[in-house]
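**Student:** Sending over a structure as structure tokens; questions will come in a sec.
The values are calculated or read from the model by the stated rules, or taken from the named source; none is laboratory data. Please read these numbers as outputs of a predicted model, since none were measured by experiment. Positions of Cβ are backbone-derived with ideal geometry, glycine not excepted, and every protein chain shown enters the neighbour counts. Ligands, DNA and RNA are excluded from the accessible area calculation, which covers all protein heavy atoms including side chains. Shrake-Rupley method; radii C 1.70, N 1.55, O 1.52, S 1.80 Å.
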Amino acid sequence: MTARLWMALAWVSAAASLLGAAWAQTAPPPLPLTPQERAFVQQHGSVRLCVDPDWVPFEHLDAQGRHVGIAADLVQLVAQRTGLTIEPLAVATWEESLAASRAGRCQAMSFLNQTPQRSQWLNFTEPIFTDPNVLITREEHPYIADLHQLEGQTVAVPGGTMVQERIRRDFPQLKVVTTETEREAIELVSSRKADMTLRSLIVAAYTIRHEGWFNLKIAGQVPEYTNALRMGVLKTEPLLLSVLNKGVQSITAKEREAISNRHAAIEVRHGPDYGLLWKVLAGGMALLLGGIFWHRKLRQLDRERTALAEARVEQALQAQREQSQLVALLSHEVRTALSMIDGAAGSLHLLIQADDGPSQLRVQRIRDGVRRLLELSDQFLTKDRLDNGALTPRRKDVNVLALCQDVAASLDEGQRITVGGSGNTCMHADPDLLQVAVRNLLVNALRYTPADSKVTLEVRGDAGGVTIEVSDEGPGIPAPEQDVIFTRYMRGAHGQGKPGVGLGLHLVKRVAELHGGTVALASPTGQGACFVLRLPAPYP
């Protein structure tokens, strides 16, 4: 199976997982039927039902003429709740079923969308089931964002369906090919006799999987075409409509989920193409590294411009503004690409069997890599803001201890952090900038502390301000590196092989300076490191 089809079925599997809960076993309360409705049930216990004989897995007639599928189970649940006996009418095609309904040969229809044409002879219950319609194309066809942009392409749809009726009206520039069955519509696309088909998500995924048409993919969705499937009742049967509608309304979400999973749960056994995901991830990393290189190059040019005459100051400032725009643009583009990778990895996680440890580990490594790149992108964007001399802290009343507790709780390894405090830890400061500083101190400490050891964060308040102290049990900082530890892009000997680019402590220093404070290494020797961030109380 190709990667794109696999990812398309991941969408279906994600939808199926949302539908998958056990059917509640508690008996529902009796239906509140009126005396007229109860009399109708007693006098007309049997109802003839028109169905679609070939709409797997929603409904079809088996070799014995029995009505089976999602719709059949839902209708039988309605029959049990109302006391009616519902019997299907044997037909060969969906169009024959519609003709039989118009002729009055059946009193109700099982599972269909409400349209103006059908409303001429039918009234409808509340929706009994909902399912989106998706566009199915061959693998090489590009993603379809808007059907209005396609001109002259061929779409295959079964005759007599809501989609056929609406697509002729809404998209006259498309060529519509009518088929007799769902399978035939999808087969025309697979054999290149049609460009696309627009069908139910559940039906499309089920048919592709069971027929082995792995040259197809889900190429888009038309949200306004979502199936709101209802039971249709002849307009001459108002009491039957009322009874059936109460039966439909009694069905719970868990009951719908259990019935849907029984017929349409998707199990994908083919291995995913991790190569494609890694290629996209590598492209995102290359883009980020290119941004780092360009960012540093521009900074070097800025330093050179400062030595020029006063007449060139405006030119240097303009270059800095352009640089900030570039960093913001690169950060946005990288985050967009990484979000797509993370979303795809999340879909893979839903499809992989829970006991498939190696595959689960590979997906988790992808998501961990994405998270690290996102953190790097945030650091570069924050650095650019902090290095801009125009940035002024937006001070407000902040409880520094509570802020530190929130930051620690938000980290993946927050359970390894012990937070304590004493004195009055409230002050007037910029909470967003403080979060940047505290987060970088904690992430740095966790990165170098063994997994079985703790990181300690202490917050102390006094008349002169607030002190934040972060201690770890790592290898400590070698003496030659202690004087340059707060320099940007500085990475120590112990940092080799660990994530990061040497910006964290530099950002902490810039936040401290913007608040008129300081940050220092308080444990220059011995095991572990202790950083002390001092924030003085601002002048009244």
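**Student:** Which residue pairs have Cβ atoms under 6 Å apart, sit 6 or more places apart or on different chains, and have a first residue in segment 171-194 that is open to solvent by 30 Å² or more (accessible area, probe 1.4 Å) and a second that is polar (S, T, N, Q)?
**Tutor:** LYS175/THR154; VAL177/THR154; GLU180/THR93
**Student:** Return the only residue of GLY160, GLY220, GLY232 being of a type in the set (Gly, Ala, Ser) and farther than 20 Å from SER97 by Cβ.
**Tutor:** It is GLY220.
**Student:** Counting just the residues of segment 73-92 that are in contact with a helix residue (DSSP H, G or I) (Cβ under 9 Å, 6 or more places away or on another chain) and in a loop (DSSP other than H, G, I, E, B), which one comes out farthest from GLY45 (Cα to Cα)?
**Tutor:** VAL91
**Student:** List the number of the failed condition for GLU140; all other conditions in (1) in contact with a strand residue (DSSP E or B) (Cβ under 7 Å, 6 or more places away or on another chain); (2) without any contact (Cβ under 8 Å) to a residue 12 or more places away in the chain hold.
**Tutor:** GLU140 satisfies every listed condition except (1).
**Student:** Give me the pairs: first residue in segment 465-478 and part of a strand (DSSP E or B), second residue open to solvent by 10 Å² or more (accessible area, probe 1.4 Å) and acidic (Asp, Glu), beta-carbon distance under 9 Å, and six or more apart or on different chains, which are they?
**Tutor:** Pairs that qualify, where the first residue is part of a strand (DSSP E or B) and the partner is open to solvent by 10 Å² or more (accessible area, probe 1.4 Å) and acidic (Asp, Glu), are THR467/GLU458; ILE468/GLU458; GLU469/GLU458; VAL470/GLU458; SER471/GLU458.
**Student:** Being open to solvent by less than 10 Å² (accessible area, probe 1.4 Å) and closer than 14 Å to LEU533 by Cβ narrows it down to one of ALA408, ALA445, so name that one.
**Tutor:** Going through ALA408, ALA445 in turn, the sole match is ALA445.
**Student:** Do you know which residues across segment 46-81 are in contact with a Leu (Cβ under 7 Å, 6 or more places away or on another chain), open to solvent by 10 Å² or more (accessible area, probe 1.4 Å) and over 21 Å from GLU182 (Cα atoms)?
**Tutor:** ARG48, ARG81
**Student:** Looking at ASN245, ASN215, which one is open to solvent by 30 Å² or more (accessible area, probe 1.4 Å), in contact (Cβ under 8 Å) with a residue 40 or more places away in the chain and in contact with a strand residue (DSSP E or B) (Cβ under 7 Å, 6 or more places away or on another chain)?
**Tutor:** ASN215
**Student:** While we're here: Restricting to segment 219-242, count the residues that are closer than 20 Å to ALA79 by Cβ, open to solvent by less than 10 Å² (accessible area, probe 1.4 Å) and not in a strand (DSSP E or B).
**Tutor:** Total meeting the criteria: 1.
**Student:** Also, I was wondering about something else. Please name all residue pairs, on different chains or six or more residues apart, with Cβ atoms under 6 Å, provided the first residue is in segment 438-453 and is in contact (Cβ under 8 Å) with a residue 12 or more places away in the chain and the second residue is hydroxyl-bearing (Ser, Thr, Tyr) and in a helix (DSSP H, G or I).
**Tutor:** Matching pairs, first to second residue: none at all.
**Student:** Conditions first: (1) assigned to a loop (DSSP other than H, G, I, E, B); (2) touching a strand residue (DSSP E or B) at 6+ places or on another chain (Cβ under 9 Å); (3) farther than 20 Å from PRO158 by Cα. ALA63 passes all but one, so which condition is the exception?
**Tutor:** The single condition ALA63 does not satisfy is (2).
**Student:** Related question: Out of all the residues in segment 102-146, which are aliphatic (A, V, I, L, M), within 28 Å of THR207 (Cα to Cα) and open to solvent by less than 20 Å² (accessible area, probe 1.4 Å)?
**Tutor:** ALA108, MET109, LEU112, ILE128, VAL134, LEU135, ILE136, ILE144
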